[in-house]
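Chemist: Pasting in a structure now, in structure tokens, and then I'll have a few things to ask.
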Amino acid sequence: MITTLCYIEKDDKYLMLHRTKKQNDINSGKWLGVGGKLEKGESPEQCLLREIEEETGLTAKAYNFRGIVIFNYNNEESLYMYLYTCKSFVGEIQECDEGDLKWVDKSNIFSLNLWEGDKIFLELIKEECPFFYLTLNYENDKLLSHELEFKEEFTSFEVFVPADYVQKIIKALREYKLLNEGFYADVYATCDVEGHWTTLEGAKPFDGEVGKESVAKEKLIKFRVKKEYKELAYYLIKKSHPYEVPVINMY
């Protein structure tokens, strides 16, 4: 099941919902942000906007997707919560039929009756952590364990190069451990390709002649690097590449 959960912010406070009115509510007595289940055909963002308006009367103008929380409760189906924060909204707060809405100072949030796992992701939000995946394993109200993983951003590369230069490029990237993936080093793939080009006047070609069409067997190297190192990787490839104008695709 997929749901949304949003913490609306204003003046260093969160708009909290004290769940006191809904029948057979697993969250009965708990304090939460606002949100709910996706309806048929809805995207998480559409659900987020609808739930905010239905539960608070407010209209969200801008919001941030902070992470996905996987809520495992007893032997029930896993709940995937798309977690958001929202600082930009318009409208007036209305009464909610699921509980009582209240602006609560962020410094007092942990004194409320919260799910134990909520304290973990509220701390992550407070610390402005990058996008995360948080798994919470419950037996009734008791948090048995949790797992936290942060999303890493990568840039993928495609490099067309003569076969004899593949290892030169790999060696340059290896020096800065740019091809490392977890417990694995030098993670890349190659395949055989056939390059076609016509050399124009003024060029200083590594291969081919001015004014003539050329064909050559090449290797295509594919790999990815962490996004923060993409410019270094590009420089190292270009420096190691024999072509006057190397083809280096980044996406």
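Chemist: Would you please calculate the Kirkwood hydrodynamic radius of segment 154-250 over all C-alpha pairs and express it in Å, rounded to one decimal?
Modeler: Numbers: mean 1/r = 0.0708 Å⁻¹.
Across segment 154-250, the inverse of the average 1/r is 14.1 Å.
Chemist: Further question: Once both labels are modelled 7 Å past Cα along the beta-carbon direction, what's the H196-F110 spacing in nm?
Modeler: Result: 6.5 nm between the two label points.
Chemist: Could you tell me which trypsin sites (Lys or Arg not before Pro) in segment 34-133 are loop residues by DSSP with no more than 16 other beta carbons within 10 angstrom of their beta carbon?
Modeler: Details: sites: K37, K40, R50, K61, R66, K87, K102, K106, K119, K126; in loops: K40.
Those that pass, being in a loop and sparsely packed, are K40.
Chemist: Now, a different point. Determine which lysines satisfy two conditions relative to K102: a Cα distance under 28 Å, and not lying fewer than 8 residues away in the same chain.
Modeler: Once the sequence-local lysines are set aside, what remains near K102 is K10, K13, K21, K22, K30, K37, K61, K87, K119, K126, K142.
Chemist: Along each of the three principal axes of the Cα atoms of segment 59-197, give the extent in whole Å, ordering the values from largest to smallest.
Modeler: Principal extents (largest minus smallest coordinate, Cα): 70, 39, 29 Å.
Chemist: Tell me the relative contact order for the chain as a rounded percent, counting alpha carbon contacts under 8 Å between residues six or more apart.
Modeler: Values: 478 pairs, mean separation 43.1, N = 251.
Rounded, it is 17 percent for the chain.
Chemist: Something else now. With semi-axes √(5λ) of the Cα gyration tensor in Å as the read-out, I listed [x] 53, 20, 16; [y] 31, 21, 16; [z] 42, 27, 19; which label goes with the value calculated from this structure?
Modeler: For semi-axes √(5λ) of the Cα gyration tensor in Å, the calculated option is [x].
Chemist: Placing unit charges on C-beta atoms (Lys and Arg positive, Asp and Glu negative, everything else neutral), compute the dipole magnitude of the chain about its Cα centre in debye, rounded to 20. Mind dumping the intermediate values first?
Modeler: Details: 33 positive and 45 negative charges, 146 e Å.
Rounded to the nearest 20 debye, it is 700 debye.
Chemist: If you don't mind, there's one more thing I want to ask. Only counting other Cβ atoms within 10 Å, I'd like F121, F65, F183 sorted with the fewest neighbours first. Before the final figure, lay out each step's value.
Modeler: Numbers: F121 23, F65 15, F183 5.
Exposure proxy ranking, most exposed first: F183, F65, F121.
Chemist: Let me ask something else about it. May I ask you to list the lysines whose Cα is less than 20 Å away from that of K222, ignoring any residue fewer than eight positions away on the same chain?
Modeler: Within the straight-line limit of under 20 Å, K222 reaches these lysines: K168, K171, K177, K230, K238, K239.
Chemist: Then there's this: Would you mind ranking I26, I125 by Cβ crowding within 10 Å, fewest neighbours first?
Modeler: Numbers: I26 15, I125 21.
Neighbour counts put them in this order, fewest first: I26, I125.
Chemist: With a/c under 1.5 counting as rounded, go ahead and sort segment 10-59 into rounded, prolate or oblate using the C-alpha gyration tensor (a ≥ b ≥ c being the square roots of the eigenvalues; past the cut-off, prolate if a/b is larger than b/c, else oblate). If you can, show how the numbers build up before the last one.
Modeler: Details: a/c = 2.31, a/b = 1.13, b/c = 2.04.
Taking the square roots of the gyration eigenvalues as a ≥ b ≥ c, segment 10-59 is oblate.
Chemist: Could you check the spin-label model distance between E152 and A62? Points 7 Å from the Cα along Cα→Cβ, value in nm.
Modeler: Output for this residue pair reads 3.1 nm.
Quick note: the coordinates plus some simple rules give every number you see, no bench work behind them. This structure is a prediction, so every number in the text was calculated from the model and none was measured. Neighbour counts are summed over all protein chains in view; Cβ atoms, including those assigned to glycine, are modelled from backbone coordinates with ideal geometry.
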